[in-house]
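Trainee: Take a look at the following structure, please.
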Amino acid sequence: MSQWAKNVSIQRWTPSSRRAVMVAGVVLLVLALAPLFASNGMLDRLTALFIYVILAAMWNALAGYGGLISVGQQAFFGLGAYFTIRLANVGLDPFISVGLSAVIVGVISYPISLIMLRLKGGEFAIGMWVIASILHLMVNLDGLIQGETGISLVSLNHYDSGSRLTIIYLLTLGSMAGLLTLLFFVLRSKTGSAIQAIRDDEEAATSIGVKPEKTKRLLFVIAAFGIGAAGALWLTSATTFLPKTYFSVQWSAYMIFMVLVGGIGKFEGAILGAIIFFLVETWFSSTGVWYLVSLGAIAIAFSLFLPKGIWGELERRFNWRFLPVGYRVEDPKKEKQ
Amino acid sequence: MMTHTTSDGLLANGIVKHFGSVSVLKNVDFSMKTDEAVGIVGPNGAGKTTLLSALAGAFSLDEGSIFLNNQEVTDKSASERCSLGVVRTHQIPKPFGGMTVFENVLVASSYGVDSTKESAYQFALDAIQLSGMEHVANRQADSLGLLDRKRLELARALATQPKFLLLDEIAGGLTEAESIQLVDTIKELRRRGIGILWIEHIVHVLLQVAERLICMDSGEIIADGDPKTVLSDPQVVKAYLGGGVE
């Protein structure tokens with residue numbers, strides 16, 4: 001090996017990223033203790049925030065890291081809720097149903113990926129929307145769901161209101177933490193590098209040994225699993241399953257908004273975007289249609305003027321990398337870059 | 001023109017490729033050994049890049065077969081051929097723009113060759129050094145200029161520890177000084193025993209490395225042999241060098 005190669009080292013963590021992980025751990029601990037001091041209203045709102053974080057992180061992994069831009073991820077959100085209803089209906093505990101439902105959604109996404117990952121770019125994006133619409137119609141055919149009338153997750157009534165809220169909150173918090181950890185380690189692994197290489201140039205990635213189909217399929221299934229979990233968790237919070245609501249394209253629009261504003265292709269960006277979306281929704285959703293118009297306008301403005309999102313800009317200006325998934329070559333002799 | 005069946009090295013038997021109604025490769029036979037440096041010249045549209053892409057497994061053939069060290073690889077994908085030791089660079093560089101130079105090369109050393117995490121790091125760093133990219137190892141690939149993009153193509157290919165390196169106009173667009181650096185790097189690869197197949201229009205640069213020259217025209221190999229002999233071949237002069245020489 002050459003002299004330079006012997007002298008340098010490969011850095012994955014920086015002092016600031018270690019501190020950021022410790023802060024994140026403390027925040028998670030405080031959030032886990034929130035049922036001891038927070039009001040029911042606050043727990044309910046935080047549950048919604050955690051679900052938004054899951055949605056944003058999953059869409060960001062798929063589109064930002066994998067280049068698979070989809071406007072049909074509501075397919076898995078709806079299926080997550082649907083299978084929770086189905087499993088609870090055969091007598092399973094509703095919270096166990098949530099976990100199982102997410103697994104079923106992940107399994108179902110595999111055959112879907114066999115077809116959809118043959119499509120590229122806009123075809124994939126629109127194709128996923130078509131898949132969502134087809135699945136919506138198929139779910140409506142289930143007599144249990146009663147078409148668009150929908151059905152409630154009545155088995156939640158086995159739990160009293162206070163403990164139910166706490167369980168939902170903690171389950172959602174745990175799911176968010178678990179799914180973010182899963183994504184983080186997948187994106188930091190060599191598979192994560194391959195995912196990004198395929199995003200940037202699939203032909204070049206193939207020419208140096210990457211197997212694109214297998215790699216993209218893994219990402220697709222993970223994203224479906226995560227979004228399925230989000231749909232199932234949303235159902236436990238909202239109680240009623242209305243197919244039209246759960247299979248609505250608005251969920252993909254929200255995911256796109258969060259990722260565009262926070263920073264596409266940035267792990268921290270998706271989390272920041274979800275928090276911003278949550279705050280905007282909390283403060284302005286009562287303005288009705290103008291709220292939706294504003295969301296669209298903001299997303300377009302970010303695409304045009306701040307395409308890397310808020311986190312991308314912060315990273316560029318201040319070199320912030322709190323949750324780095326990449327690599328850095330450290331040369332003790334010379335570090336001019 | 002030579003006709004081959006199977007032997008050690010990289011070889012193609014009677015390969016044919018059409019794009020729509022256009023025949024881009026017409027029953028081409030080709031072979032090279034691991035320790036050879038072979039140059040390919042020819043006019044635009046001669047089929048040079050298509051031959052290189054066919055050897056690298058970028059697409060399926062309409063007819064013919066390809067062998068690597070007596071193993072048929074005709075149906076193997078580009079990523080499988082890379083793992084077996086055949087890797088290419090692209091005429092128009094294809095960097096992974098959202099990743100740093102090191103991350104670009106690390107993908108190659110992680111996937112293109114059987115490696116542990118540590119050996120993948122070592123292969124990547126060695127390839128970066130050999131390609132002269134130490135000073136930009138942490139730079140985002142989409143911010144690189146043409147020379148560094150070409151070097152990155154080379155570094156990524158080298159990180160796969162190839163037996164055969166297929167270079168597609170890697171000196172195109174470089175200055176004289178940059179070409180000299182490139183030639184030095186490629187000569188070092190020759191010393192390491194890597195077989196080189198190099199398409200290049202800058203013939204004097206190519207001839208500093210190639211000990212055998214092939215000229216293609218209209219999807220066929222029209223001359224193959226010692227560079228001096230090939231370049232003085234009347235067919236080559238007429239098709240490629242632009243003379244009306246008999």
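Rule-based calculations on the coordinates, nothing more; no lab input. Predicted model, so just to flag it, every value in this text is computed and none were measured. All Cβ positions, even for glycine, are placed from backbone atoms using ideal geometry, and neighbour counts span all protein chains on display.
Trainee: Averaging over every viewing direction, what projected area does the convex hull of the Cα atoms of region B:60-197 cover, in nm²?
Mentor: Hull-based average projected area comes out at 8.8 nm².
Trainee: Let me ask something else. Between A:S17 and B:D35, what FRET efficiency comes out of the Förster formula 1/(1 + (r/R0)^6) with R0 = 51 Å and r the beta carbon distance, rounded to 0.05?
Mentor: Given R0 = 51 Å and the Cβ-Cβ separation, E is 0.65.
Trainee: Given H placed 1.01 Å from N in the peptide plane, which residues other than close sequence neighbours of B:V41 have an amide H under 5 Å from its amide H?
Mentor: It is B:I214, B:C215, B:M216, by chain and number.
Trainee: How would you classify region A:125-174 from its alpha-carbon gyration tensor, with a ≥ b ≥ c the square roots of the eigenvalues: rounded for a/c under 1.5, else prolate if a/b is greater than b/c, otherwise oblate?
Mentor: oblate
Trainee: Also, quick follow-up: Which residue, A:I51, A:I208, A:I310, tops the fluctuation ranking in a GNM of chain A built on C-alpha contacts under 10 Å?
Mentor: A:I208
Trainee: Something else: Give the angle, between 0 and 90 degrees and rounded to the nearest 10, that separates the Cα long axis of helix A:289-305 from the longest principal axis of the Cα atoms of chain A.
Mentor: Once rounded, one gets 10 degrees.
Trainee: Which of A:K308, A:K190, A:K266 ends up with the largest GNM mean-square fluctuation for chain A, with Cα atoms connected below 10 Å?
Mentor: Looking only at A:K308, A:K190, A:K266, the biggest GNM fluctuation is shown by A:K190.
Trainee: Rounded to the nearest 10 degrees, what's the angle between the helix B:101-111 long axis and the longest principal axis of chain B, both from Cα atoms, 0 to 90?
Mentor: 70
Trainee: Can you list the HN-Hα couplings for region B:140-147, worked out from phi with the Karplus curve (6.51, -1.76, 1.60; θ = phi - 60°), rounded to whole Hz and with x for Gly and Pro?
Mentor: 5, 5, 6, 9, 7, x, 4, 4
Trainee: Here's another thing I want to ask about it. How would you rank B:K94, A:K244, B:K163, going from fewest to most other Cβ atoms within 10 Å of each one's own Cβ? Could you put the intermediate results ahead of the total?
Mentor: Values: B:K94 21, A:K244 12, B:K163 17.
By the 10 Å Cβ count, ascending, the order reads A:K244, B:K163, B:K94.
Trainee: Ignoring everything except DSSP H segments at least 4 long, calculate the 222 nm mean residue ellipticity for the protein assembly as shown; use -39,500 (n - 2.57) per segment, divide by total residues, nearest 500.
Mentor: It lands at -17500 deg cm²/dmol.
Trainee: A further question follows. Could you give the Stokes-Einstein D for the protein assembly as shown in µm² per second, using the C-alpha Kirkwood radius, 37 °C, 0.692 mPa s?
Mentor: Using the Kirkwood radius from Cα pairs, D works out to 124 µm²/s.
Trainee: Same structure, new question: Per 10 Å bin, what is the whole-percent P(r) computed from every C-alpha pair distance within region A:1-75?
Mentor: 14, 24, 28, 22, 8, 4, 0
Trainee: Let me ask another. Whole-Hz Karplus ³J(HN,Hα) for region A:112-117, in order, using 6.51 cos²θ - 1.76 cosθ + 1.60 and θ = phi - 60°, x for Gly and Pro?
Mentor: 4, 5, 4, 8, 5, 6
Trainee: Same structure, new question: With contacts defined as alpha carbon pairs under 8 Å and 6 or more residues apart, what's the relative contact order of region A:3-330 in percent?
Mentor: 33
Trainee: Starting from one equal scatterer on each C-alpha and no solvent at all, send me the Debye-based log10 I(q)/I(0) for region A:82-211 at q = 0.10, 0.15, 0.18 Å⁻¹, two decimals.
Mentor: Relative scattering, expressed as log10 I(q)/I(0), comes to -0.51, -0.98, -1.17.
Trainee: Sticking with this structure for a sec: Compute the convex hull volume of the Cα atoms of region A:3-330, divide it by the residue count, and report the result per residue in Å³ as a whole number.
Mentor: 147
Trainee: With both partners inside chain B, how many of the DSSP beta bridges are antiparallel, as a percent to the nearest 5? Don't skip to the answer; put the middle values down first.
Mentor: Numbers: 20 of 36 bridges.
Looking only at bridges with both residues in chain B, the antiparallel portion is about 55 percent.
Trainee: Then there's this: Straight-line reach from B:K238: which lysines have Cα under 27 Å away, leaving out those fewer than 8 places along the same chain?
Mentor: Those lysines meeting the cut-off are B:K17, B:K26, B:K48, B:K228.
Trainee: Please list, in order along region A:101-107, the HN-Hα scalar couplings obtained from phi with the Karplus expression 6.51 cos²θ - 1.76 cosθ + 1.60 (θ = phi - 60°), rounded to whole Hz, x for Gly and Pro.
Mentor: 4, 4, 5, 4, 4, x, 5
Trainee: Here is a further query. With N residues in chain B, what two-decimal value do you get for its Cα radius of gyration over 2.2 N^0.38 Å?
Mentor: On the way: Rg = 17.6 Å, N = 246, 2.2 N^0.38 = 17.8 Å.
Rg over 2.2 N^0.38 Å, computed on Cα atoms: 0.99.
Trainee: Work out how far the C-alpha atoms of region B:109-157 reach from end to end along every principal axis, then list the three figures in whole Å, largest first.
Mentor: Sorted from largest, the Cα extents of region B:109-157 read 31, 18, 17 Å.
Trainee: Share of antiparallel DSSP beta bridges in the protein assembly as shown, in percent to the nearest 5?
Mentor: 60
Trainee: Within 10 Å of each residue's Cβ, count the other Cβ atoms and sort B:R192, A:R199, B:R156, A:R321 from fewest upward.
Mentor: Exposure proxy ranking, most exposed first: B:R192, A:R321, A:R199, B:R156.
Trainee: Sort A:W4, A:W283 by Cβ crowding within 10 Å, fewest neighbours at the top.
Mentor: Result, fewest neighbours first: A:W283, A:W4.
Trainee: Expressed as a fraction of 2.2 N^0.38 Å, the rule-of-thumb size for a compact globular protein of N residues, what is the C-alpha radius of gyration of region B:1-127?
Mentor: Values: Rg = 16.2 Å, N = 127, 2.2 N^0.38 = 13.9 Å.
Here the Cα radius of gyration is 1.17 times the empirical estimate.
Trainee: Using Cα pairs under 8 angstrom and six or more residues apart, how large is the relative contact order of chain B, in percent?
Mentor: 26
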